[in-house]
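Structure first, commentary second.
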Amino acid sequence: MRRFFTRSPRPACLRPATLADAPALADIHAGSFAHPWSIPSFEAMLADRAVHGHVAETTGPIGFILSRIAADEAEILSVAVHPKSRGAGIGARLVAANLDALARARVSHVFLEVESNNQAALAVYRAAGFAMIGTRPGYYRYSDGTRHDAVMMRLAMAGRMITAPLADA
């Protein structure tokens, strides 16, 4: 009997984001959000020493996360995974790697906002330990007139164990 095996997709590697990633991150962001950020916006963020970013890549970037540290707190600015790469746990890996970097930077709390109807993202954040602390009604507006609430979340980093090795963070 002859067996046929399908090749599994190449697993994504995680690495720190660099300024050279700005065009690819802007492209991923544009495919993920109604109000995409520009390449210059990404360049400014990636040049900011307070911003910590990670990229998931196979043959090129397929996802990213950016966070900004202010004093002993941080805010996750954006997380996005290319539509063709969603559902494989890449977002969760990016969040874990970024939280590990923030733990190494001795951040005490991490905040974020997420659209209330983004169930996949909400599940990732809850699994990472984030808790809802409030909402902003109608915060996200779309060209068709629809609006969605922003869910504000916080994670206390006290006692957080670093899970990702430095080489994969």
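The values are calculated or read from the model by the stated rules, or taken from the named source; none is laboratory data. Fair warning: this is a prediction, and the values are worked out from it, not measured in the lab. Cβ atoms come from the backbone with ideal geometry, glycine included; neighbour counts cover every protein chain shown.
Here's the yes/no breakdown for (1) among the acidic types (Asp, Glu); (2) over 27 Å from Ala26 (Cβ atoms):
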| site | (1), (2) |
| --- | --- |
| Leu94 | no, no |
| Asn98 | no, no |
| Arg106 | no, yes |
| Glu115 | yes, no |
| Ala121 | no, no |
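State all residues of region 52-65 that are out of contact with any Phe, Trp or Tyr (no Cβ under 8 Å at 6 or more places or on another chain) and among the aliphatic types (A, V, I, L, M); if no residue qualifies, say none.
Ile62, Ile65
For region 129-152, name all the residues that are closer than 24 Å to Pro16 by Cα and either touching a Cys at 6+ places or on another chain (Cβ under 7 Å) or buried (at least 17 other Cβ atoms within 10 Å of the Cβ) (or both).
Initially, region 129-152 is screened for residues closer than 24 Å to Pro16 by Cα, giving 129-130.
Answer for region 129-152, where residues must be closer than 24 Å to Pro16 by Cα and either touching a Cys at 6+ places or on another chain (Cβ under 7 Å) or buried (at least 17 other Cβ atoms within 10 Å of the Cβ) (or both): just Phe130.
Looking for something closer than 19 Å to Tyr142 by Cα and out of contact with any strand residue (DSSP E or B) (no Cβ under 9 Å at 6 or more places or on another chain) - is there at least one such residue anywhere in region 50-64?
no
When the residues of region 129-148 are filtered to those that are of a type in the set (Val, Ile, Thr) and within 22 Å of the chain's Cα centre (by Cα), which remaining residue is farthest from Asn117 (Cα to Cα)? Please lay out each step first, then the result.
Here is the first cut: in region 129-148, the residues of a type in the set (Val, Ile, Thr) are 133, 135, 146.
From what is left, the residues that are within 22 Å of the chain's Cα centre (by Cα) are 133, 135.
Values: Ile133: 16, Thr135: 12 Å.
Of everything passing the filter in region 129-148, Ile133 is farthest from Asn117 (Cα to Cα).
Could you say which residue among Ser8, Ser38 is farther than 21 Å from Ala150 by Cα, surrounded by fewer than 17 Cβ atoms within 10 Å (Cβ to Cβ) and at pLDDT 95 or above?
Ser38
Identify the single condition in (1) of a type in the set (Gly, Ala, Ser); (2) part of a loop (DSSP other than H, G, I, E, B); (3) modelled with pLDDT of 95 or more that Gly134 does not satisfy, given that it satisfies every other one.
Going through the list (1) of a type in the set (Gly, Ala, Ser); (2) part of a loop (DSSP other than H, G, I, E, B); (3) modelled with pLDDT of 95 or more, Gly134 breaks only (2).
Among the residues of region 107-119, is there at least one that is more than 24 Å from Gly89 (Cα to Cα) and out of contact with any Cys (no Cβ under 9 Å at 6 or more places or on another chain)? Walk me through it before giving the result.
Step one: of region 107-119, the residues more than 24 Å from Gly89 (Cα to Cα) are 107-108.
After this cut, where a residue has to be out of contact with any Cys (no Cβ under 9 Å at 6 or more places or on another chain) as well, the list is 107-108.
The answer is yes; a qualifying residue exists.
For a quick check of your reading of the model, give me the residue pairs whose first member lies in region 121-142 and is of a type in the set (Gly, Ala, Ser), whose second is in a strand (DSSP E or B) and exposed (fewer than 14 other Cβ atoms within 10 Å of the Cβ), with beta-carbon atoms closer than 6 Å and at least 6 apart or on different chains.
Short answer, once both residue conditions are applied: Gly138/Arg147.
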